[in-house]
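The values are calculated or read from the model by the stated rules, or taken from the named source; none is laboratory data. Keep in mind that what you see is a predicted model, and the values were worked out from it rather than measured. Here the Cβ is made from the backbone with ideal geometry for all residues, glycine too, and neighbour counts use every protein chain on show. With ligands, DNA and RNA removed, areas are computed over all heavy atoms of the protein, side chains included. Shrake-Rupley method; radii C 1.70, N 1.55, O 1.52, S 1.80 Å.
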Amino acid sequence: MEQTPILKIDKVSKSFGPVQALRSVDFDLLPGEIHAIAGENGAGKSTLMNIIDGILQPDEGRIFFRGEAVEIASPAVAQRLGIGFVHQEIALCPDVSVAENICMGATATSRSLLMDYKDIDTRARAALRELSDISPAALVRDLSISQQQLVEIAKALTLDCQVLILDEPTAALTEKEAQILFGIMRRLADRGISIIYISHRMVEIFENCDRVSVFRDGQYITTRDVADITPSDVVAAMVGRVIDTLYPDKQAAHERSDEVILEIRDLTEAARFRNVSFDLRRGEILGLAGLIGAGRSEIARGICRLEGKVTGEVRLNGKPIDIRHYRDSIDQGIVYLSEDRKGDGVFLDMSIASNIAALAVEQVATRLGIVDDSREADQAVRLGQSLGLKCGHIRQPASALSGGNQQKVAIAKMLSVGPKVIFLDEPTRGVDVGAKAEIHRILRDLARQGVGIFVISSELPELIGLCDRVLVLREGEISGEVTGDAMTEENIMYLASIEQEREQTA
Amino acid sequence: MRVEMHMDKLAEPSAETPKPAGIAEAVKRLLGMRETGLIAIILVLFVVMSFASPYFLTWVNMRAMAMAFAVEGIVVVGMTILLISGGIDLSVGSVTALAMVIAGLLFLAGVDPWTASAVSILACTGIGAVMGFFVTRIGLHHFIVSLAVMVIARGACLLGTGGRPLGLYTLPPEFKFIGQGAIGVIPVVIVIFLVVVVAFDFMLRRTTLFRKVFYTGSNEKAAAYSGIRTKKVVFLTTTLCSALCGVAGVIYMARFGSAQPTFGIGMELNVIAAAVIGGASLKGGSGTIFGAILGAILLSVVSSSLALLDVSVYWQDIIRGSILLTAVTVDHFINKKRQQAA
């Protein structure tokens with residue numbers, strides 16, 4: 001049966017400066033289908049979605065909506081056409097009630113002078129009813145991340161949309177919440193609403209979607225019925241090469257050591273994590289998995305005393321150490337690479353050299369505290385070269401670099417103090433495939449040189465491909481550890497959300 | 001195997017690998033600098049004004065212009081450093097006046113002027129420390145804290161003097177020398193100003209302490225994540241700004257031979273404008289002392305020119321405000337262009 005697509009993308013291209021993000025991409029969306037979009041970071045998924053939502057304008061190509069050529073000049077136009085977009089990043093007003101957030105779109109276009117709180121409350125209740133038992137009167141800042149994500153979805157539902165774009169909506173959800181969401185998606189689709197579903201998780205795509213389109217390096221690769229294709233076909237199409245080469249070799253059996261670099265015992269921070277204990281051994285890369293909000297970053301930051309009031313014991317090379325401030329942590333050789341590179345990883349308007357020197361400016365200064373520019377430059381050139389940093393020169397501002405190279409600057413900053421242990425929080429988020437593989441190799445090299453490497457990541461394939469051992473965190477407690485052949489996405493997801501499973505079976 | 005391959009790459013740096021900046025790059029940077037543009041504008045004004053008014057290029061006028069911005073320039077130094085760290089201080093005018101009043105009252109009470117000045121500068125440093133405490137420990141915004149202190153300090157000035165200027169006719173000549181004397185042909189005030197500017201400009205560019213001010217202002221969280229004690233840095237810059245107000249107040253007292261409780265109203269605008277025109281960002285993280293002083297010189301030259309051209313004083317504020325608005329608008333577009341280029 002041939003259906004007219006509700007949305008058709010015809011040979012759309014888009015460049016940002018010299019970078020071509022989309023090359024003559026085609027895509028069509030049928031009424032009432034759930035259409036998965038698969039592709040790695042940098043494949044062009046977000047660019048295409050932003051074009052559909054009117055946030056970006058295509059350089060070339062046309063967009064057809066219900067068979068008519070349209071120009072989506074802004075998100076407001078997209079909204080009028082009936083296109084709703086739930087972004088991966090939560091964009092809610094934290095100090096305003098759930099109901100007002102949900103109805104913000106209606107409030108923005110309302111002609112009435114006064115707020116109709118009764119109407120807002122009714123609409124919000126209707127939108128939330130199917131999703132969750134969140135109170136419409138609650139303030140958004142008091143909600144958990146997964147509840148906020150549900151509010152975002154409810155917000156899109158009030159817009160009466162024909163096309164709903166969901167960008168990795170389950171990243172922050174528990175298994176149970178995700179299942180509720182899939183149920184709602186199916187009901188919406190049955191009502192004739194088309195859903196574009198972006199996800200990295202093959203299981204979700206194959207269990208809940210009708211068709212899947214794959215993108216790679218800004219190009220459209222293929223669209224197939226989910227029934228006619230296997231997950232490994234999709235992955236192969238996404239990556240365009242054999243996946244094994246993405247990750248460096250793991251630690252060989254003879255390299256294994258019982259020497260413990262970092263010992264953590266009974267680390268507790270009242271509200272966020274409890275009785276966390278683990279050993280980081282010489283030469284290994286240790287991973288930490290868990291749902292968003294499980295307390296992964298908080299543990300790393302707690303050990304480094306970047307935040308929180310933490311109790312428990314930290315031993316470095318067998319000796320207990322007392323860290324009061326992150327400064328002490330750095331001086332002891334324990335450093336933390338932030339998950340939010342742009343937010344708190346680099347100083348965008350400062351030079352690459354100054355960025356790299358930030359962890360210990362004293363190192364490149366004279367005894368009187370005068371910064372020696374040439375020593376600062378030498379350090380930057382030395383560390384930059386060892387990491388394969390690509391840049392014009394080291395006095396350029398960090399903002400001139402690509403995401404992957406910015407991340408290398410952030411890593412160079414860590415290495416400038418000759419650390420004994422590095423905590424890396426989402427080390428490859430938002431960097432392209434090539435740089436990602438390079439960063440993985442750098443981490444493996446460092447591990448071989450005896451630096452303790454601890455990686456936190458939301459990307460399970462990354463943890464599985466890179467780490468020798470993965471700890472799984474669930475609601476602030478370590479729920480298990482996987483290693484060797486037991487390191488599978490299923491095992492990790494099971495450990496990360498086991499409580500939900502139990503509730504469901506109970 | 002993999003490691004070896006990596007090492008190969010290490011051995012032959014390609015054209016893209018990091019390298020120190022070359023001379024061409026340095027020239028490009030020099031031309032692109034805010035300071036270069038400001039100097040050009042000031043020079044053009046000088047040329048135009050030397051034709052427009054025969055008095056402009058006279059020694060007397062030059063000296064008057066320099067005196068006009070020199071003492072305020074010391075406050076500009078403090079404000080620039082505070083702005084770089086991400087803060088702002090609206091209380092500079094009041095605190096400068098309070099410095100005069102405290103020193104003046106102590107002198108009238110029989111304390112020798114040097115001790116009185118030292119106590120007064122210490123008191124201003126204390127005011128800065130209190131503001132720093134409210135900002136870094138309590139977590140209030142600089143704007144609100146310094147707004148409150150601006151009013152409180154002014155109130156204290158009026159309370160201490162009964163609202164009337166204190167005549168300090170008996171100030172010893174060696175103290176008045178600070179504000180009125182000259183070394184050769186150069187007024188002492190300008191010598192002090194130059195020493196402060198050169199010292200802080202050097203420290204800001206080169207010392208690790210002030211480098212941390214840039215890190216903090218550029219991205220406070222990233223600075224904290226680099227082990228920098230950002231609260232200490234902000235506390236320090238807040239305190240330093242008030243301390244320099246104290247120094248300025250004492251010099252003003254020596255220069256005027258009096259303490260005026262209403263002195264310095266509106267000074268914060270002038271000082272912030274100078275720093276911003278000179279390239280300091282209200283978002284923190286950028287700015288130079290040299291640029292800020294050029295900004296102060298520009299404002300001073302404009303004021304002096306308008307006076308020589310018999311333009312009404314009332315127009316002067318309007319023109320000063322417009323210059324500020326133009327400078328920040330131009331800056332905004334340059335930044336936007338730069339970001340797009342990146």
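If residue A:328 meets every condition in (1) closer than 26 Å to residue A:443 by Cβ; (2) open to solvent by 20 Å² or more (accessible area, probe 1.4 Å); (3) part of a helix (DSSP H, G or I); (4) more than 9 Å from chain B (Cβ to nearest Cβ) apart from one, which number is that one?
Residue A:328 satisfies all of (1) closer than 26 Å to residue A:443 by Cβ; (2) open to solvent by 20 Å² or more (accessible area, probe 1.4 Å); (3) part of a helix (DSSP H, G or I); (4) more than 9 Å from chain B (Cβ to nearest Cβ) except (4).
Just wondering, is there one or more residues in segment A:446-466 that are assigned to a helix (DSSP H, G or I), acidic (Asp, Glu) and more than 14 Å from every other protein chain (Cβ to nearest Cβ)? Working first, answer last.
Within segment A:446-466, the subset assigned to a helix (DSSP H, G or I) is A:446-448, A:460-466.
Right, trim to acidic (Asp, Glu) and you get A:462.
Right, trim to more than 14 Å from every other protein chain (Cβ to nearest Cβ) and you get A:462.
So far as segment A:446-466 goes, yes, one or more of its residues are assigned to a helix (DSSP H, G or I), acidic (Asp, Glu) and more than 14 Å from every other protein chain (Cβ to nearest Cβ).
Identify the single condition in (1) under 30 Å from residue A:10 (Cβ atoms); (2) assigned by the TED database to the domain that holds residue A:437 that residue A:252 does not satisfy, given that it satisfies every other one.
(1)
Could you list, in sequence order, the residues of segment A:62-109 that are open to solvent by less than 20 Å² (accessible area, probe 1.4 Å) and part of a loop (DSSP other than H, G, I, E, B)?
The answer is A:72, A:82, A:103.
Can you name the number of the only condition in (1) open to solvent by 20 Å² or more (accessible area, probe 1.4 Å); (2) in a helix (DSSP H, G or I) that residue B:216 fails?
Of everything listed in (1) open to solvent by 20 Å² or more (accessible area, probe 1.4 Å); (2) in a helix (DSSP H, G or I), residue B:216 misses just condition (1).
Check off (1) more than 14 Å from chain A (Cβ to nearest Cβ); (2) surrounded by fewer than 22 Cβ atoms within 10 Å (Cβ to Cβ) for residue B:207 and give me the number that stays unchecked.
That leaves (1) as the condition not met.
Looking at segment A:336-392 only, could you name the residues that are under 27 Å from the mean Cα position of the chain (by Cα) and among the basic types (Lys, Arg)?
A:341, A:342, A:390
Applying the selection to segment A:423-445, what residues are touching a strand residue (DSSP E or B) at 6+ places or on another chain (Cβ under 7 Å) and more than 13 Å from every other protein chain (Cβ to nearest Cβ)?
The answer is A:426, A:427.
Take segment A:20-61 and flag every residue that is open to solvent by 10 Å² or more (accessible area, probe 1.4 Å), of a type in the set (A, V, I, L, M, F, W, C) and not in a strand (DSSP E or B).
If the condition is that a residue be open to solvent by 10 Å² or more (accessible area, probe 1.4 Å), of a type in the set (A, V, I, L, M, F, W, C) and not in a strand (DSSP E or B), then A:30, A:55, A:56 are the ones that fit.
Is it the case that residue A:100 is more than 27 Å from the chain's Cα centre (by Cα), farther than 30 Å from residue A:431 by Cβ and among the acidic types (Asp, Glu)?
Against the criterion (more than 27 Å from the chain's Cα centre (by Cα), farther than 30 Å from residue A:431 by Cβ and among the acidic types (Asp, Glu)), residue A:100 qualifies.
Give the residues of segment A:355-364 that are open to solvent by 10 Å² or more (accessible area, probe 1.4 Å) and either at the interface with another protein chain (Cβ under 9 Å from one of its Cβ atoms) or at pLDDT 90 or above (or both), sorted by residue number.
Within segment A:355-364, A:360, A:362 meet the criteria.
Quick check on this structure: which one of B:78, B:37, B:93, B:87 is touching an Asp or Glu at 6+ places or on another chain (Cβ under 6 Å), surrounded by 16 or more Cβ atoms within 10 Å (Cβ to Cβ) and among the small types (Gly, Ala, Ser)?
B:93
Write out, first by first residue and then by second, each pair whose Cβ atoms fall under 6 Å of each other, whose residues are 6+ apart or on separate chains, and whose first residue, in segment A:137-160, is free of Cβ contacts under 8 Å to residues at least 40 places away in the same chain while the second is surrounded by 15 or more Cβ atoms within 10 Å (Cβ to Cβ) and hydroxyl-bearing (Ser, Thr, Tyr).
Filtered contacts from segment A:137-160: A:150/A:132.
Looking only at segment A:365-378, count every residue that is of a type outside the set (S, T, N, Q) and more than 7 Å from chain B (Cβ to nearest Cβ) and tell me the total. Quick ask: steps written out before the conclusion?
As a first pass, look at segment A:365-378 and keep what is of a type outside the set (S, T, N, Q): A:365, A:367-373, A:375-378.
Now drop any that are not more than 7 Å from chain B (Cβ to nearest Cβ), which leaves A:367-368, A:372-373, A:375-376, A:378.
Residues that pass the stated criteria total 7.
What is the residue count in segment A:427-445 for residues that are surrounded by 21 or more Cβ atoms within 10 Å (Cβ to Cβ) and not in a helix (DSSP H, G or I)?
3
Given the condition open to solvent by 70 Å² or more (accessible area, probe 1.4 Å), among the small types (Gly, Ala, Ser) and part of a helix (DSSP H, G or I), answer yes or no: does some residue in segment A:110-131 qualify?
no
Assess whether residue B:110 counts as being modelled with pLDDT of 90 or more, within 14 Å of chain A (Cβ to nearest Cβ) and assigned to a loop (DSSP other than H, G, I, E, B).
no
If residue B:67 satisfies all but one of (1) at pLDDT below 90; (2) among the aliphatic types (A, V, I, L, M); (3) touching a Cys at 6+ places or on another chain (Cβ under 8 Å), what's the number of the condition it fails?
(3)
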